[in-house]
Amino acid sequence: MRYDVITLFPEIIRSWAGESITKRGVEKGIIEINTYNPRDYSLDKHKKVDDTPYGGGAGMVLACQPIFDCYRDIEKTDDFEFIMLTPQGEKFNQKMSKELSFKKQIIFLCGHYEGFDERIRLGLKPKEVSIGDYVLTGGELASLVMIDSISRNLENYLGKQASSDIDSFSDGLKGLLEYPQYTKPRVFEDMEVPDVLLNGNHKEIDEFRKQESIKRTKARRPDLL
Ligand code: 6GU
């Protein structure tokens, strides 16, 4: 998977990409993450990328020229999706994550503080995506949330494939929330690990976990059942 992120703050993307599982995904050649700064494409003598809104109002608006030129400069494969991160977009979920993971390339367009000139939408026709019903300062964190989630669907991205299969919202437990997990010690501040997990009977353990998943989903997210 090739990710191309258009952002005024490429360091946010790069620093995240240089850590943990993401870093290993890059090293293993499963993902590639490139960043592009619209400021580098600005034809303005002060490298401006935004301006005041026509009609007045607070804040600045990202201008067309640097974004169009930046977008057009990105090498496109024969199977890419172009995504604009905006609270006005379609809500991201596991289903969209899975679908996007079959693409060869995803180009993300992040705003920061300001809105986009409407002609960026009209001219470049991005798929508009939001990661939830709250407002963020910029699209950078949203793009990272999506990259993290999409990459987990890729073959061999996670150490043990099994660990993604049993995760909440994935197919292992058919859309149920995850069951509770315990590790050593067996007793911590009077709280004991359930006996069933200690007896080595894997049929019983699987059944216990399934029941816990169902109980938890009923209590917390009945909408998923
Ligand atoms: Cl994609 N962008 C911003 N700025 N805020 C958001 C969002 C995206 N998704 C939820 N809130």
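The values are calculated or read from the model by the stated rules, or taken from the named source; none is laboratory data. Predicted model only: the values in this text are computed from it and were never measured. Note that we place each Cβ from the backbone using ideal geometry, even for glycine, and neighbour counts take in every protein chain shown. With ligands, DNA and RNA removed, areas are computed over all heavy atoms of the protein, side chains included. Shrake-Rupley method; radii C 1.70, N 1.55, O 1.52, S 1.80 Å.
Evaluate the following for GLU75: is it within 12 Å of the ligand (Cβ to nearest atom) and open to solvent by 70 Å² or more (accessible area, probe 1.4 Å)? So GLU75 does not fit the description; no. Inclusion of CYS70 among residues that are over 19 Å from LEU141 (Cβ atoms) and more than 24 Å from the chain's Cα centre (by Cα) is not warranted. Among the residues of region 83-111, just one is open to solvent by less than 10 Å² (accessible area, probe 1.4 Å) and among the aromatic types (Phe, Trp, Tyr), namely PHE108. Among the residues of region 177-199, some residue qualifies, meaning at least one is touching a residue at least 40 places away in the same chain (Cβ under 8 Å) and open to solvent by less than 100 Å² (accessible area, probe 1.4 Å).
Which of (1) in a helix (DSSP H, G or I); (2) at positive phi does LYS47 not meet, given it meets every other one? Answer for LYS47: the failing condition is (1).
Taking the numbered list (1) within 19 Å of THR35 (Cα to Cα); (2) within 14 Å of the ligand (Cβ to nearest atom) in turn, GLY59 passes all entries but (1). Per this entry, ARG220 is counted among residues that are away from the ligand (no atom under 16 Å from the Cβ), at pLDDT 95 or above and surrounded by fewer than 14 Cβ atoms within 10 Å (Cβ to Cβ).
Among the residues making up region 1-20, those that are more than 19 Å from ILE67 (Cβ to Cβ) and surrounded by 13 or more Cβ atoms within 10 Å (Cβ to Cβ) are MET1, ARG2, ARG14, TRP16, ALA17. Take MET96 and decide whether it is modelled with pLDDT of 95 or more, assigned by TED's automatic domain parsing to the domain that holds GLY29, closer than 21 Å to ILE12 by Cβ and not in a loop (DSSP other than H, G, I, E, B). Answer is no for this residue.
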